[in-house]
Amino acid sequence: MPAHAPSIMLAAGEASGDLHGAALCHALRAEAPGCRLFGMGGERMAAAGMDLLVDVTAVAVAGGTEALSRIPPLYRAYRRLRATLAGARRPGVLVVIDFPEFNLRLARAARQAGIPVVYFIPPQIWAWRSWRVRTIRRVISRVLAVFPFETALYRRAGVPVEFVGHPLLDALAGAPDRVAARRALGLDDRALVIGLLPGSRREEIARVLPVMREAVAAIGAARSDARFVLALAPTVEPAAVERRLGEGSPVAVARGQTHAVMRGADLLLVGSGTATLEAALLGTPMVVCYRVSRLTELMVRMLMRVPWISLPNLTLGRAVVPELYQEDATGERLGREALRLLDTPGALDTQRAAFRELQGQLGEPGVGERAARLVLAEAGTAP
């Protein structure tokens, strides 16, 4: 590696962070071909050329109390990365991607070592835990905002920030159209297709998929022509899903075809998370449902500053997609809400119109390239 080539550590802890981190790795290599990339991520970042020191994507969890059992592997990962930050091959810059509970601690260690820190996909301080902005001001050198309204929030707090756009704009560039998606999934173009996206974490599968299974039974009883297909996240074992669906389930499982499921479906049943924003950008109507432990629910209700849980509603600032949360997230309610949307003239089109409005708020493609240039500038190696 040439002496002037940048050395960059990246840290992502979940499937979505691994996806966006991989795009950033590709862009960094394009901008600075000799750069050294290493750190924490998953299979996608490794395939994009990052030297994978730690992978915790399989142990990422939903909620606060659910994370207790994952503390030991996360602490081991933190110690490994912290030691690297202080070692002989320390990076010129640290890029942290989402995963704020872990990454803000890692950022603190980096700043103590005199290493600048860039936050790509920062914490949603506009939705909850607004006090985190004080920590961000102390330990983050530059925030790369993915929502346009975030820039004013961070600037008011005295945090250097640049709006780069949402990385999903790049990630979805290769998504198939409806015809190609249905062909890939083996679905007739005239069929009524309901897609299931229960999540990418074990706790989400355990809590959300049984609700979706009951909803499938209710929808199937009312609409015998409906076909059901579940998008299996790469971090989820097929056996875990098949066990909860049960024998003789009408749900087909598609691994590695999430965007095909999103694009090919007429309606989606989605666990709250990044998938809701992906589906909205692809223009597919949805019902959102989510469940966490009682203690986590109490924590969330105390800390939340907004009345919604899904990113389309949060971003647009109004209730566009139905949300079923905790005790409201039952199979009967979910099935009834799905059937209401399917049977009410114009209901699906109303969502699609709102999604087109959303698409115009998230910037332009080329997010990875813009982010890479800012990362390299922070490292003092901009081309």
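Residues of the range 28-46 that are under 19 Å from the mean Cα position of the chain (by Cα), among the aliphatic types (A, V, I, L, M) and buried (at least 23 other Cβ atoms within 10 Å of the Cβ): Met40, Met45.
Check Ser272, Ser249 and return the single one that is in contact (Cβ under 8 Å) with a residue 24 or more places away in the chain, under 22 Å from Leu341 (Cβ atoms) and hydroxyl-bearing (Ser, Thr, Tyr).
One residue alone meets the criteria, Ser272.
Residues in the range 72-96 that are in a loop (DSSP other than H, G, I, E, B) and of a type in the set (D, E, K, R): Arg89, Arg90. With respect to the conditions (1) in contact with a helix residue (DSSP H, G or I) (Cβ under 7 Å, 6 or more places away or on another chain); (2) in contact (Cβ under 8 Å) with a residue 24 or more places away in the chain; (3) not in a loop (DSSP other than H, G, I, E, B), Leu52 falls short on a single one, namely (2).
The number of residues in the range 116-135 being touching a residue at least 60 places away in the same chain (Cβ under 8 Å) and not in a loop (DSSP other than H, G, I, E, B) comes to 3. Count, please, the residues in the range 230-244 that happen to be in contact with a helix residue (DSSP H, G or I) (Cβ under 9 Å, 6 or more places away or on another chain), surrounded by fewer than 22 Cβ atoms within 10 Å (Cβ to Cβ) and not in a loop (DSSP other than H, G, I, E, B). Here the count works out to 3. Does at least one position in the range 225-247 carry a residue that is of a type in the set (Asp, Glu), in the same structural domain as Leu348 (by TED's automatic domain parsing) and within 15 Å of the chain's Cα centre (by Cα)? No, the range 225-247 contains no residue that is of a type in the set (Asp, Glu), in the same structural domain as Leu348 (by TED's automatic domain parsing) and within 15 Å of the chain's Cα centre (by Cα). Do we have Gly220 as assigned to a loop (DSSP other than H, G, I, E, B) and in contact (Cβ under 8 Å) with a residue 24 or more places away in the chain here? So Gly220 fails the test. Inspection of the range 1-9 identifies at least one residue that is surrounded by fewer than 20 Cβ atoms within 10 Å (Cβ to Cβ) and closer than 23 Å to Arg76 by Cα. Listed by first and then second residue, the pairs with beta-carbon distance under 7 Å, at least 6 apart or on different chains, first residue in the range 92-115 and aromatic (Phe, Trp, Tyr), second crowded, with 20+ Cβ neighbours inside 10 Å and assigned to a strand (DSSP E or B), are Phe99/Ala12.
Looking only at residues in the range 148-167 that are outside any loop (DSSP other than H, G, I, E, B) and of a type outside the set (Asp, Glu), the one that is surrounded by the fewest Cβ atoms within 10 Å (Cβ to Cβ) is Arg156. Screening Gly220 with (1) at pLDDT 95 or above; (2) under 30 Å from Asp98 (Cα atoms); (3) in contact with a Pro (Cβ under 7 Å, 6 or more places away or on another chain) gives one miss only, at (2). Taking the range 126-143 on its own, how many of its residues are surrounded by fewer than 22 Cβ atoms within 10 Å (Cβ to Cβ) and β-branched (Val, Ile, Thr)? Qualifying residue count, the range 126-143: 3.
State the number of residues belonging to the range 255-269 that are surrounded by fewer than 20 Cβ atoms within 10 Å (Cβ to Cβ) and touching a residue at least 24 places away in the same chain (Cβ under 8 Å). Lay out the reasoning, then the answer.
Residues of the range 255-269 that are surrounded by fewer than 20 Cβ atoms within 10 Å (Cβ to Cβ), as a first pass: 255-257, 259, 266.
Okay, now just the ones that are also touching a residue at least 24 places away in the same chain (Cβ under 8 Å), so 256-257, 259, 266.
Number satisfying all stated conditions: 4.
Selection of first residues in the range 56-85 that are under 26 Å from Pro198 (Cβ atoms) and of second residues that are charged (D, E, K, R) and at pLDDT 90 or above, restricted to Cβ pairs under 6 Å at least 6 apart or on distinct chains, gives the following pairs, ordered by first then second residue: Thr57/Asp18. Leu37 satisfies every condition listed in (1) over 16 Å from Glu369 (Cβ atoms); (2) in contact with a helix residue (DSSP H, G or I) (Cβ under 6 Å, 6 or more places away or on another chain); (3) free of Cβ contacts under 8 Å to residues at least 60 places away in the same chain except (1).
The values are calculated or read from the model by the stated rules, or taken from the named source; none is laboratory data. These numbers come from a predicted model, not from an experiment. Positions of Cβ are generated from backbone atoms using ideal geometry, with glycine treated the same way; all protein chains shown enter the neighbour counts.
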